[in-house]
Every structure is written in structure tokens, then in C-alpha cells.
1. Can you confirm whether segment B:50-71 contains a residue that is part of a helix (DSSP H, G or I), in contact (Cβ under 8 Å) with a residue 40 or more places away in the chain and farther than 20 Å from residue A:135 by Cα?
2. I'm told residue B:219 meets every condition in (1) surrounded by fewer than 18 Cβ atoms within 10 Å (Cβ to Cβ); (2) assigned to a loop (DSSP other than H, G, I, E, B); (3) on the phi < 0 side of the Ramachandran plot; (4) more than 21 Å from the chain's Cα centre (by Cα) except one. Can you identify the failing condition by its number?
3. Give me a count of the residues in segment A:52-77 that are out of contact with any strand residue (DSSP E or B) (no Cβ under 6 Å at 6 or more places or on another chain) and within 14 Å of chain B (Cβ to nearest Cβ).
4. One residue is enough: does segment B:194-210 have a residue meeting the conditions touching a Phe, Trp or Tyr at 6+ places or on another chain (Cβ under 7 Å) and more than 15 Å from residue B:243 (Cα to Cα)?
5. Pairs, please: C-beta under 6 Å, at least 6 apart or cross-chain, first residue touching a residue at least 60 places away in the same chain (Cβ under 8 Å) and in segment A:125-154, second assigned to a loop (DSSP other than H, G, I, E, B) and surrounded by 15 or more Cβ atoms within 10 Å (Cβ to Cβ)?
6. Every residue in segment B:234-248 that is within 15 Å of residue B:213 (Cβ to Cβ) and assigned to a loop (DSSP other than H, G, I, E, B), please.
7. Answer yes or no as to whether residue A:154 is assigned by TED's automatic domain parsing to the domain that holds residue A:187 and at positive phi.
8. What's the total number of residues in segment A:169-203 that are open to solvent by 50 Å² or more (accessible area, probe 1.4 Å), touching a residue at least 24 places away in the same chain (Cβ under 8 Å) and not in a strand (DSSP E or B)?
2 protein chains.
Amino acid sequence: MAMLRFKLIIAYDGAGYHGWQSRPEGTGVQNRVEAALARLFPSGPTVESASRTDSGVHALGMTAHFEVDDGEDAIPPAKLALAVNAFLPDDIRVRVVRPVREDFHARFDASGKQYRYHVWNGPVMNPLRRTQAWHVARELDLDAMREAAGRLLGRHDFRSFTTNRGVVLEDAVRTLTRCEIRKQGRLVTFIMEGEGFLYKMCRCIVGTLVQVGEGKFSTAEIASMLECRDRAAAGVNAPAHGLVLWKVFY
Amino acid sequence: MAMLRFKLIIAYDGAGYHGWQSRPEGTGVQNRVEAALARLFPSGPTVESASRTDSGVHALGMTAHFEVDDGEDAIPPAKLALAVNAFLPDDIRVRVVRPVREDFHARFDASGKQYRYHVWNGPVMNPLRRTQAWHVARELDLDAMREAAGRLLGRHDFRSFTTNRGVVLEDAVRTLTRCEIRKQGRLVTFIMEGEGFLYKMCRCIVGTLVQVGEGKFSTAEIASMLECRDRAAAGVNAPAHGLVLWKVFY
């Protein structure tokens, strides 16, 4: 029997979940998305995503695919997002569902990703941002941070900027193609793009750049941090709740 | 004994409270602010605010004052906000506490207020905005809405745009000095300013303007809505969670 493949773009508030990935106790975002699809497709399709997100991390552009038998294709594609959303909690929304070619793969076909990280930089936190931005009270030196961000750009061994999960990384070379810092009022936004990111790499980059902005590291130290290839050389990991998987590129 | 008076500027996420005003069961924002002040000032000062907000409405610039005996003035004013915040939940933050002249009054001295209302206008709600924006799926005609907003500007009897609380209003004449609609991506922001607002007036203005944007009312109908002086003539009340008391002017 022929199979039909669909691409999904999913947004979620990560506060209520233990990350993207399905978990036996059902607390991953993927559990909810698969449960909603199972209401529409009796075969209970598995969702394959472009990446995972950690507990508490948000997404606006998580991308995934799933496959069903063509006999199951009862709902017109234009109505599919509405139908799936009807079975999802309101902190998870499917933005797009559309048919793709049979060999499309959300993970292997992805050419890059954009993450954004929000910092609220002021003496008092804005309570309306508290679940989606990291509060940094000390005034940040944006010029120094932007210079340090420039030194992280390009192809490097990012071993110092990833958290060891008990595995020795054979290859930690990645290319950071964009690392921009914007400021609007007290909200500081980090925009990071690359073909691929190591585990907790975005949060370590942001944490380190914030510490540069606080004067704890000089911009010149970025080069030696990269050279050390040792997690202890870089700065802290920024907390999960400020991070958003913004977009996956194909 | 001489009294010292302080002005407070308070921000809060209204989702967890039954509005600003103190309630016997302790679920008003005011209850929490007064409880925090009581930890610092044994006399347990009462807080007098510039206005109230309904259940679920947020604030960034709620303004209030309180008074203490000068013998209670143990904490330097510069540290007061930090000290009060230490006794508040993280969905309420005191942004500013500063000494004011003895006859300053948060309500009587206010010369105007600014409210902002957020609408997410697109087929699928952004889950990261769901607690702070009203989801309107149908594409809105911004030009029509801006024209209608212009017709609400100025001095009018706004009886059609307020919700009767069982009292007959003697005077419903108010002056709307600003009613601006901005759009950035799918986020539509209404900025409303005036010397004073009637009960639920902002939410009725936004609800009506959204219905103009959906084509349910024409811009020409605004004039007759005002003339009717009857709540049934205007549109729906927009939900509470999209509204923010942004600023109080003095």
C-alpha cells in the first residue's frame, strides 16, 4: 500500500513539558502530538522531528514528519491543522500540516536551524515575561557582547560550549553562521543560526555572552575558551525558559 | 507624628488573581502587595491605587501610594523595591517605590491612563502568547478598524461602551485622546489613552473595533452606536487576558 507523508510545523510553550521527546510517563510534547494524530489516523503514526528540545525550552518552528497509509487520508489537507489542534492542549499548536514527497525527512533534510534567546535586562523582572525570558539585573555591555559573538561565528570545535552527557564526542566541530544581539527597551534577543548545534550549545553561548556583558570575561577570552576544548573554560548555561527553537531551514 | 508617603509602580500578570482589588479570600493583587508591605512596616499600610483592574487583566504601570509613620522608615528608599519584591510572588513586581509629597494621591492626582490590548490575528494561535493576547482567526481589515477608531476619538457619551453594574450612570461622558492600532507580524496592538475610562470601556472598544475589522459593523455605525447610549448597540467585550494597564499619567 502506498504511504502518504506529511510535514508538521509545531509551536509550543515548553513550561508544561519535559522537553520534546516522548517519555514513558507521557510528559514530552511528542507524546501529545502523537496522541492527537492517533485520534485522526487509526494506525497511530510516529512523529519524527528535526531535533529535540530540553525540558522547559519553547518552540515556534519545530518541524517534523509522519506517515500514514493512503487509505487513512480522510481529512482534506487544508483542514488537517484544525483537526489536529482540536485534540491538542492549548500550549501546543500545529501551525502547518502539509503533504510532502515520500522521501522528505524532517531531520536529515534540515539544512539549518534558528534559535532565539530572550533576556530581560533591568533591575526588576517584567512579570509578563517571566516564563519566557531570563532575568539579568546587572546592566549588560552590548558592545562587548556583540564583539564576543563575532568571535564565535564561523567553524570551530565547540566542545567547550556543550554539556557532556557521559559520551565522548568524536566530532564537536560546528559552524555558527549567525549570532546577532538585538535590544528593544529592556528585552535583549539573541538570534543564533547554524547547520547544527551541540547539546545545550545555544544556552552555553548565551550564558557566556551575558557574562562577557557583565564584565566577568573579556571578549579576548572567547578564543582561548574555544581552544581549551573543555566545558569548564566557557561560561554558565543560560536557563532553559529563555530559549525558543524559532525555525528549521530546508 | 509625621507621616511619610510613598508612590508605587506595580506590574503583574493578572492570570492568577481576581483583579487588583483586595478580596476577603485574599485573591486580589492588592492583598499580596499589602501583605508584603506589612512585612516591612508593622503598621500594615493600606495601598490606594489609581484604578482597579478586572479579574485576569494585567498591568505594567499600576500606580498606588501608601503612608507610614516616619518612625517606621528603616529601609533606605533605594532598597525598598528590592525589599518589597522579596515578599511578593514572581507574578507581581514592584517596579518603583519612591517618597512623594505628603498630599500626593494616586487616584485623584492621575491626569490620565494608557491601556494596551493585544490581539493575535491568524488562523492558529501562538501558544507563547495565549495568556496575554486574544486569538482572532479571521483576517482583520486594519484600515476599517483605524477609521472606526478615529470616530471614537474625542469627547463622547460612552454609555454604549460600558457594562452596567446595576447602577445608573449619571455621567458617562469621557474623552478618548488616543486610539491607535499597530500591527507587527500577526500581533495587533491597540493603544488607548484618556483622562478616565468607564467600567469595561477598553474591552468594549476593542471588541467593537475587531468586529468592524471582521466586517460585522461598518465604520459609519460607530456614530450611531455612540448616539444610542445603550450597551446593546456596541460590539462584544474583548476578553480580559489581552488587556494591560500600561501607564498612569500624572
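1. Here is the first cut: in segment B:50-71, the ones part of a helix (DSSP H, G or I) are B:70-71.
Subsequent filtering for residues that are in contact (Cβ under 8 Å) with a residue 40 or more places away in the chain retains B:70-71.
Imposing the further condition that a residue be farther than 20 Å from residue A:135 by Cα reduces the set to B:70-71.
Checking segment B:50-71: at least one residue is part of a helix (DSSP H, G or I), in contact (Cβ under 8 Å) with a residue 40 or more places away in the chain and farther than 20 Å from residue A:135 by Cα.
2. Failed condition: (1).
3. Qualifying residue count, segment A:52-77: 1.
4. No, because not a single residue in segment B:194-210 is touching a Phe, Trp or Tyr at 6+ places or on another chain (Cβ under 7 Å) and more than 15 Å from residue B:243 (Cα to Cα).
5. Between residues of segment A:125-154 that are touching a residue at least 60 places away in the same chain (Cβ under 8 Å) and residues that are assigned to a loop (DSSP other than H, G, I, E, B) and surrounded by 15 or more Cβ atoms within 10 Å (Cβ to Cβ), the close pairs are A:134/A:238; A:134/A:239; A:138/A:214; A:144/A:219; A:147/A:219; A:148/A:219.
6. Taking segment B:234-248 as the starting set, the residues that turn out to be within 15 Å of residue B:213 (Cβ to Cβ) are B:234-236, B:238, B:242.
Of everything in segment B:234-248, those that are within 15 Å of residue B:213 (Cβ to Cβ) and assigned to a loop (DSSP other than H, G, I, E, B) turn out to be B:234, B:235, B:236, B:238.
7. Numbers: assigned by TED's automatic domain parsing to the domain that holds residue A:187: yes; at positive phi: yes.
It is true that residue A:154 is assigned by TED's automatic domain parsing to the domain that holds residue A:187 and at positive phi.
8. Result for segment A:169-203: 5.
The values are calculated or read from the model by the stated rules, or taken from the named source; none is laboratory data. All values derive from a computational prediction rather than experimental measurement. Virtual Cβ from ideal backbone geometry, glycine too; neighbours counted across all protein chains shown. For accessibility, only protein heavy atoms count, side chains too; no ligands or nucleic acids. Shrake-Rupley method; radii C 1.70, N 1.55, O 1.52, S 1.80 Å.
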